[in-house]
Each structure stands twice: as C-alpha cells, then as structure tokens.
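Below is one structure; the comments refer to it alone.
Read the figures in this text as sums done on the coordinates, not as results from a lab. What you see is a predicted model; the values in this text were computed from it and never measured. Neighbour counts are summed over all protein chains in view; Cβ atoms, including those assigned to glycine, are modelled from backbone coordinates with ideal geometry.
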Amino acid sequence: MNTSSAARRVRPPGRALRMIVGLATAVALAACGPGVAANRGGSGEPRQGGDVTFLIDSLGDTWIPNNSAISSFQGHIWGHLTDKLVYVDEKGVVSPWIAKSWEQNPDATEFTLHLRTGVTFSDKTPLDATAVQANLDIWARGDATRGINPIGLFPKTYDHAEVVDAATVKVFFKAPTLGFIPTLGYHGSILVSPKTIALPAAQQADLSNDLGSGPFVLSSWKEGDSVVLKKRADYDWAPEVLGHQGPAYLDSITYKLVAQPSVRTSAVQSGQADVAYNPSPQELKSFADQGFTTATPRYLGFVNGFAVNTKVAPFDDVRVRQALQHGIDRKEIISTVYTPDWQPAQSLFQSNVPGATDHSADFAFDAAKAGALLDEAGWAKGADGVRAKDGEPLALTLYANPYLATSKSVDELVSQQLGKLGFKVDVQAFDVVTYGERVKVNSPSVAAYEVTRSFIDAGIVAGILTDANKGENWFGLGQSDQKLVRLATGVAGSGSVEARAPLLDELQGYVLRQGYFVPLTQIVQRIYLQSPRLHGVVYNGLAYANYYTAWLG
Amino acid sequence: MNRDYAKYALRRVLQAIVVVLLAYVFTFVVISVLPGDPVTNTLRNPQNGFTEEEITRIVSYYGLDRPVHEQLWDSLSRLVVGDLGVSLRSGLPVTRLIGEVVGSTLVLALSALAVALVLAFAIGFGTRYLPKRGGQGLLRAFPALFLSVPNFVVGLVLISVFAFQLGLFRVIDSEGGAATSFAAIALGIPVSAQVAEVLIANLDHEAGQEYAAVARSRGLGRTRLFLRHLLKPSSLPVVTVIALTVGELLGGAVITEQIFGRTGVGSLVERSVTTQDLPVLQAVVTLAAVTFVVVNLVADLLYPLLDPRVRLAGGRSRGKAEVAAP
C-alpha cells in the first residue's frame with residue numbers, strides 16, 4: 001500500500017488505474033528475479049507498433065563511426081542503426097549474425113568468414129565480402145590522413161583481409177589472435193556502408209550520412225539534442241539467438257538528451273518517457289518498489305579494481321600487496337555504495353566472461369591476516385594508528401576513476417577500511433581531462449590504478465599484463481615475472497578456447513595471489529530505469545539495451 | 001550637433017570592433033593555455049586502448065601539435081575570410097552547429113525579456129498603486145528576492161510542479177510552446193529584478209518631482225498618473241539596463257537550457273567548455289560579444305536621440321560606462 005501511494009504522488013491524477021495495473025505487472029515481474037531476467041519475461045504476446053522515448057545523459061561527441069562507436073552513450077544508437085558480424089550475449093557466448101559461420105586455422109592466424117546473403121545497408125548497397133573487407137581495414141587502421149581513428153581495441157595483429165567470393169572473406173593475422181571472432185561482436189565493430197567509409201571525416205560526422213544495415217534507420221537528429229530512429233521495414237537478418245526475425249516491433253525510438261538525472265527519472269515516473277539512463281544506484285530500490293523496472297546488466301570485461309604498480313614502494317613487497325588484497329571489505333562496498341544488484345568480484349574478470357573462474361578465496365577479506373602480513377613486512381603501528389617503517393608512513397593515494405560515477409564513494413570507503421589497518425590513504429578526484437593527463441597506469445606516481453575496462457575476449461590480458469608485444473604493463477613488472485610471462489604468452493598463443501582455459505584459470509589465481517590486481521566489485525556502468533509498459537528488452541555482452549525485440553504492452 | 005554625433009558614432013563602432021576581436025583572441029589564449037583538447041582527451045580515454053603512435057598521428061592531423069602562435073594565426077586568417085572552422089569535438093562545421101541552435105536561444109531570450117519586462121513594469125506599477133502598508137513594502141522586496149533565488153532552483157521548481165505534478169508541459173518536448181514559456185519564466189525572473197530596481201528608483205524620483213505633485217493636486221488618479229506622466233521619463237534609463245541584461249540573458253540561458261533540456265547556444269557552450277572545443281567556443285564568444293556590443297551600441301546611439309537632455313560632452317553619454325564582453 002505504501003508503494004502505490006508513493007507512486008501515485010508523482011503521476012498526474014486520473015492515472016491511478018493504470019498505475020495499479022503497472023504495479024501488478026511489476027510484482028509479477030519481480031518474482032522472475034532482478035535485472036535481465038525480469039525484462040525478458042513480458043506478459044502476453046508482443047504487440048506491433050509504438051514509440052519509445054529513451055532519456056540519456058549525453059549523446060557523446062562526434063558521430064564519425066570509428067571515433068564514436070564505443071562511446072557509452074552513442075553505442076546505444078549504433079546498436080540499432082547497425083549490425084555486427086557476430087552476436088555476443090550477456091554471458092559472452094558468441095553466435096552467428098551477419099557472419100553465419102566461420103572457421104580458423106589451428107594457429108588462429110587465419111579466419112574464414114561466411115556471410116549471410118541478401119543483407120543490404122539502408123542505401124541498398126549490399127553488405128557483402130567487399131563491404132566487410134572495407135570495414136575490417138578501417139577498424140584496424142583508421143585513416144590518419146582524414147582524421148579517422150582506428151578502433152583502439154581491435155587486434156593490433158591484423159594483417160589484411162581478402163575477398164574470396166561475394167559471401168566469403170578470409171582474414172589474416174601476424175600472430176595467433178583467438179580474440180578476433182569475439183571482437184567482431186564488440187561495440188566498436190559496427191558495419192557501415194562502404195559509401196560512408198569513403199566520406200571525409202566532416203561528412204561522416206553528420207549522422208545522416210552514416211548508413212548501417214540495422215533494424216532501425218535514422219529519422220532525424222539534432223546535435224546535442226536528440227536522435228530519432230524509425231524501424232526499417234525490410235529488415236530480415238537479426239541474430240538467431242534473439243528469437244525474433246523480420247522488422248522490429250516498435251515503430252520508433254527517440255533518444256533525447258536530458259542532462260539532469262532527476263529530470264530523467266521523474267519523466268519516466270510521470271509517464272512522459274519510457275526509459276531513463278543512468279539513474280543513481282541508491283535510488284534503484286525505491287523505483288522498483290514503485291513498480292518500475294530497473295536493469296543493471298554487466299558488461300564483459302575487467303571488474304572494477306586496482307592494478308598495483310610493483311615498482312612503487314612499498315608495493316614492491318608482495319606482503320604489502322597481499323595486505324591490500326585482504327584488507328578490503330568488498331561486502332561493505334556493495335552494501336554501502338551499491339545495492340544488492342551489484343555482485344562481488346570473483347576474479348579480475350567479471351564472472352560472465354567466458355574463461356573467468358571463481359578465485360574469491362584468494363582475496364577474501366581478512367583484516368587479521370592483512371595486519372599480520374604488514375607486521376611481518378616490518379610496518380609497525382605508531383601512536384596515531386598509521387604504520388611506518390624506517391620513518392616512512394605506509395601511504396597510498398587512490399585516484400577516483402572519472403569514468404565511473406561511484407568511484408569516489410568507493411575509494412573513500414576503501415580508504416576508511418585500509419585506514420583501520422594502518423594505511424594512510426589519500427583519495428584524489430580529478431575531472432576527465434586532468435585525470436587523463438596525470439593518472440596513467442604504470443606511472444611512478446600512481447601506485448594503484450583504478451581499472452574500468454570492457455572487452456569481449458579474455459585473451460586481451462596477453463597485451464595488457466606485461467610489456468611483451470608493446471603491452472600496457474599494468475603492474476610495472478616488464479617481463480621480470482617469469483611465471484606471469486609464461487602464462488600470458490600461453491594465453492596469447494593458444495589456438496583454441498579449450499587449450500587456453502586452464503592457462504587463463506592459472507593466470508587469474510596467480511595475479512590475485514601475488515596481489516598484482518586488487519578487485520573491488522563487479523562493474524555495472526550502464527543502469528536503466530524503465531516503464532513497466534516496455535517488455536522484451538535484451539541486453540548484450542556490453543550491457544547495451546537492445547529494443548529490436550522490445551514492445552509496448 | 002550632427003557632426004558631433006557622427007564622430008561619436010564612429011568612435012563607438014570602432015571600439016566595438018576592437019572588443020569583438022579581443023574577445024576572439026582572448027578565448028583562444030585562455031583555452032590554449034589549459035591542458036588537453038577534445039581530440040587528445042578522447043584518444044587518451046583508457047577504455048579506447050590506443051597506442052602512443054596512433055594518438056600522435058591523429059593529433060598531428062588536426063594540427064594540434066603545432067606551436068600555439070601558428071594555430072592562432074591560422075584561426076585569425078580563417079576568421080578574416082569568414083571561416084569559423086570545424087568543431088574538434090563533433091567534426092561538424094562550426095557554422096552549422098551554431099546555426100542549429102541560435103534560433104532556440106533567440107526565442108528563449110526574447111520571451112524571457114518579455115517576461116522580465118512585464119514583471120518589472122507590473123512591480124513598478126504596484127509600488128505606485130498599492131498603499132504603503134498594503135503590500136507595497138513586500139512588492140519592493142521582490143527584486144532582491146528574485147536576484148537571490150538561483151535561476152536553476154526556479155527552473156527545477158517549475159518543472160517539478162508544472163510538468164511532473166500538473167502535466168502542463170512535457171520535458172521531452174523541450175522546444176514546444178508550453179515548455180518554452182516556463183523556461184522563459186525561469187530565465188526572465190532574475191532579469192526582471194534588475195529592470196525593476198532601476199524602474200522603481202526612477203519612479204520614486206519622478207514621483208517626487210513638482211510636476212507629479214501638480215498632477216496629483218489636480219486630482220489625477222494613480223493609474224493615470226503612472227501611465228501618463230511617470231512611466232515615460234522613468235523608462236528611459238531602463239533602455240540602458242535592458243542592453244546590459246543581454247549578458248544576463250546569455251549567461252542564464254546556459255543554465256536554463258540545461259535544466260529544461262533545450263538545445264540552444266547555452267547547451268552548445270556547456271558541451272564545448274567541458275570538452276575544450278576551441279573553434280566552437282571562439283565562435284560562440286565572438287557571437288556573444290557581437291550581440292552584447294551591438295545591443296549596447298544601439299542603446300548608446302539611440303539614447304542621445306531619445307533624450308534631448310543628454311549632451312555628447314567629449315563623446316560620452318550620460319551614465320553609460322564602457323562595457324566589455326561578458
């Protein structure tokens with residue numbers, strides 16, 4: 001009764017009946033479980049037609065496809081305007097889409113893609129092998145002479161692609177690249193018309209020139225204001241796993257920029273819009289109580305956590321790193337900063353990543369153990385509660401990650417927890433620009449770099465953890481840790497997922513036990529508040545909401 | 001007198017041009033001094049995973065690795081031929097970006113000005129009409145109150161009451177007539193305060209003049225006295241104040257547009273400032289400077305014509321200071 005009166009307050013009068021119906025649906029949905037599961041179970045049969053309004057906090061910067069496709073905001077629109085070669089679901093399972101099948105050589109250096117036929121871009125240009133080749137080239141290399149970026153996370157081992165026939169493309173790599181196929185489902189890998197690719201950057205920046213083959217086409221757009229999509233009537237090449245073929249149910253989707261979070265959520269509560277993006281995590285429970293659907297899908301990638309720089313004292317001592325590892329109470333982070341929709345980390349990878357294994361025990365919270373490790377390492381507690389050794393305090397600076405809204409609150413909590421152990425923790429928060437300038441992974445001034453990074457395939461670790469093959473060298477180890485180098489190289493060189501799995505498992509355990517990576521929680525970077533009228537929403541491996549299968553009840 | 005006026009006009013026009021050019025250069029310098037630019041900032045987002053080599057190549061395509069004075073020279077030579085350049089953030093021509101939003105802001109600013117004037121004159125009339133103890137004092141406190149309540153608070157309250165509770169307008173349809181009216185009210189309220197202050201002061205002054213006393217002694221009603229005798233002389237200084245509120249309107253538009261979800265010059269500025277999109281900022285600041293300078297110039301040039309008492313002693317008009325761009 002409490003919830004219905006709270007909900008009615010924000011609705012215009014005369015909507016009480018609809019509200020009650022909405023509540024009933026919500027109660028039924030809530031029984032199905034939280035998040036994704038609740039959304040898929042709609043009541044009754046999908047209905048044709050309807051217009052959905054999605055309120056978003058930003059529409060990103062440029063619309064040049066290569067430069068914008070991985071934007072957390074524009075990715076929503078690209079996901080409806082374009083298709084990808086493969087589909088990656090929220091569990092990381094890869095399935096056919098525009099590529100109906102594929103094979104690889106035993107070394108994973110050559111891949112053959114067999115394309116679906118009859119697929120066209122919205123300008124009727126066929127999406128054939130030539131078009132795929134043009135897309136692969138621009139993803140891998142970009143075009144610096146026209147100001148077009150490459151897709152940063154596309155495998156740097158790409159060599160070239162060959163058109164075998166209209167429906168077959170062969171792709172060559174300089175080194176084993178098992179991650180290639182999953183990467184084709186990454187948000188950067190959107191297929192656009194070769195005519196668009198050939199345009200100069202200034203024209204690609206005009207969204208109306210960017211043509212895809214997706215279930216929706218552009219109806220209108222206004223820079224920094226809105227993007228209106230309408231359904232494409234002859235669309236007939238959806239991923240099989242979505243369980244729906246042919247045109248979308250919805251007639252249109254309007255993405256409208258509303259910068260104020262409270263205006264976004266109130267508009268959905270008052271029935272003026274259907275979806276609000278990025279409401280604050282703390283409000284989710286009250287929205288759910290009022291009968292609205294909330295979704296907190298996880299992307300595939302690293303969990304939120306710290307990459308520890310082993311070059312920076314005192315973190316060159318494995319005992320200090322392990323004290324950090326066991327000194328953080330992750331349960332308290334979830335109960336204080338987040339809601340039960342957030343899941344504790346089980347490894348350095350999100351638990352939905354294929355190949356991620358449960359290593360919770362390797363970094364379980366144990367203050368006594370952490371304290372003993374610090375004692376053993378010679379860090380004695382002083383009168384002020386701060387540990388010191390040779391006159392140096394046990395200090396650590398955390399830099400809140402500006403790409404994650406909750407990062408500062410999490411860091412402040414961590415600083416309290418570590419403070420009890422005897423660490424002297426300072427939390428710094430910078431804006432995006434300053435952060436980019438000052439806080440870099442593996443920099444001598446950053447002992448713990450807070451990671452938020454999505455990926456499609458866990459094989460990416462090979463190019464991150466050490467400095468082999470221009471790797472990012474997250475822990476400042478170079479190639480000094482033989483075991484880590486052996487594991488990372490093994491992962492990179494694996495020709496099959498089966499051969500790679502045990503190596504990945506061993507690598508996760510090793511990195512965590514060495515205290516190289518200190519996980520916090522699994523990360524949810526995209527949060528949705530949704531009207532109970534909207535059913536059938538699907539979230540992909542990058543946690544983007546897909547409205548191709550959605551319908552209004 | 002005529003020759004004097006021509007000399008005065010010429011001087012003011014030349015000053016205006018210098019102010020606009022200075023605004024253009026000043027924006028360039030300020031933004032260039034700050035670290036970062038939209039291109040590099042995007043490339044450096046750790047999510048993107050670019051190598052240093054890739055970053056260097058793209059940055060050099062945009063010429064952002066060249067010395068600042070060369071970039072300034074480029075930008076000035078472009079300006080001379082009327083080319084405002086391309087936005088570093090969106091990749092779209094600056095003229096297109098501004099063209100898309102200028103109409104919305106113009107509509108908002110003009111309706112806000114109308115709201116402000118109606119409010120100010122209503123308050124002004126009220127202070128003359130209401131008896132001293134019958135609400136006049138309260139009315140006189142309004143301008144101070146309007147100035148002290150931040151624009152965004154007014155905006156949020158209006159949205160919460162009229163959009164969400166009463167459903168009088170939809171936040172989604174932010175450029176619609178109803179939504180525009182409420183945005184204009186939010187923006188117009190603080191602006192009305194400045195106009196009302198000056199108007200009330202002048203009304204008080206004029207009401208104390210002998211001619212007003214004479215008019216009253218002849219039995220003229222309060223309304224007729226206000227409309228026939230007090231309004232005109234009290235309104236003249238208001239012209240100057242209106243010219244000065246252009247800055248207020250442009251500045252307030254940034255916040256009002258943000259809150260009401262409107263896409264105007266203000267929201268373009270907001271996006272460009274947060275991403276350090278230099279070409280757009282230069283163009284917008286220049287546009288604002290031009291607007292401000294032109295409106296004030298027109299007010300300055302009109303003033304001697306409207307009020308014959310104003311002497312052009314040494315080319316300066318009464319009570320009018322030189323004002324730089326906002």
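Considering every alpha-carbon pair of chain B, the percent of pairs per 20 Å bin, from zero through the bin containing the longest distance, is 26, 49, 22, 4, 0. Cβ-Cβ distance of A:S262 and B:L22, R₀ of 45 Å, FRET efficiency by 1/(1 + (r/R0)^6): the value works out to about 0.65.
State to the nearest 20 debye the size of the charge dipole of the protein assembly as shown about its Cα centre, where the only charges are +1 on K and R beta carbons and -1 on D and E beta carbons.
On the way: 76 positive and 77 negative charges, 803 e Å.
For the protein assembly as shown, the charge dipole is close to 3860 debye.
Our coupling estimate for segment B:90-104, obtained by passing each phi through the Karplus curve with A = 6.51, B = -1.76, C = 1.60 and θ = phi - 60°, is 9, x, 8, x, 4, 4, 5, 4, 6, x, 5, 10, 5, x, 4 Hz, Gly and Pro reported as x.
Coupling constants for segment B:145-150 follow from the phi torsions by the Karplus curve (6.51 cos²θ - 1.76 cosθ + 1.60, θ = phi - 60°), and in residue order they are 5, 4, 6, 8, 8, x Hz; glycine and proline get x. What do you get for the angle between helix B:52-61 and the principal long axis of chain B? Use alpha-carbon atoms, 0 to 90 degrees, nearest ten. The helix B:52-61 is inclined about 60 degrees to chain B.
Ordering B:T105, A:G419, A:P402 by Cα displacement along the dipole of the protein assembly as shown toward the positive end leaves B:T105 in first place; charges were set at the Cβ atoms of Lys, Arg (+1) and Asp, Glu (-1).
Taking B:V18, B:V81, B:V273 as the candidate residues, the one with maximal mean-square fluctuation in a Gaussian network model of chain B, Cα springs under 10 Å, is B:V81.
Hey, can you list the DSSP H helices of chain A whose Cα span along the axis is 20 Å or longer and whose average Kyte-Doolittle score is at least 1.0? Before the final figure, lay out each step's value.
Working: long enough: A:16-31 (23 Å, 1.96); A:407-421 (21 Å, -0.32); A:497-513 (24 Å, 0.05).
Going by DSSP H runs, the hits are A:16-31.
Between the amide H of A:Y87 and those of A:S95, A:W97, distances stay under 5 Å, these residues lying 5 or more places away or on another chain, with hydrogens modeled in the peptide plane. Expressed in Å, the radius of gyration and Dmax of the Cα atoms of segment A:304-521 are 16.9, 57.
Each of A:R486, A:R526 has some number of other Cβ atoms within 10 Å of its Cβ, and from fewest to most they run A:R486, A:R526.
Think of the protein assembly as shown as a dipole: +1 on every Lys or Arg Cβ, -1 on every Asp or Glu Cβ, centred on the Cα centre; then among B:V20, B:V273, A:P261, B:V20 lies furthest on the positive end. Comparing B:L117, B:L306, B:L84 in a Gaussian network model of chain B (Cα springs below 10 Å), the most mobile by mean-square fluctuation is B:L306. Taking Rh as the Kirkwood radius, which is the inverse of the mean 1/r over Cα pairs, what is the Rg/Rh value for segment B:2-80? Radius of gyration over Kirkwood radius for segment B:2-80 works out to 1.27.
Can you give the percent of C-alpha pairs in segment A:165-215 whose distance is more than 14 Å? In whole percent, the share of Cα-Cα pairs in segment A:165-215 beyond 14 Å is 68.
Taken over the protein assembly as shown, the convex hull of the Cα atoms encloses 212 Å³ per residue. Report summary: the helix-based calculation at 222 nm, which adds -39500 (n - 2.57) for every DSSP H run with n ≥ 4 and divides by the residues of chain A, gives -8000 deg cm²/dmol. Compute the acute angle (0 to 90°) between the alpha-carbon long axis of helix B:2-33 and the principal axis of greatest extent of the alpha-carbon atoms of chain B; round to the nearest 10°. On a 0 to 90 degree scale, this one is about 40. What the phi angles of segment A:310-316 give under the Karplus curve with 6.51, -1.76 and 1.60, with θ = phi - 60°, is a coupling list of 6, 7, 8, 5, x, 7, 6 Hz, glycine and proline written as x.
Comparing A:F73, A:T53, A:Q525 along the charge dipole axis of chain A, the residue lying farthest to the positive side is A:T53, per the Cβ-charge model.
Given the DSSP H assignment, sum -39500 (n - 2.57) over each helix run of at least 4 residues in chain B and divide by its residue total; what's the result at 222 nm in deg cm²/dmol, nearest 500?
Working: 12 runs with 227 residues, N = 326.
For chain B, the value works out to -24000 deg cm²/dmol.
Computed over the Cα atoms of segment A:78-226, the ratio of the radius of gyration to the Kirkwood radius (Rg/Rh) comes to 0.96. Using amide H atoms built in the peptide plane, which far-off residues or other-chain residues are under 5 Å from B:V86 H to H? Hits under the 5 Å cutoff: B:V94. Taking label points 7 Å from Cα along the Cα-to-Cβ direction, B:V157 and A:F172 give a separation of 7.2 nm.
Amide H contacts for A:Q428 (H built 1.01 Å from N in the peptide plane; partners 5 or more residues away or on another chain; cut-off under 5 Å): A:L398, A:Y399, A:A400.
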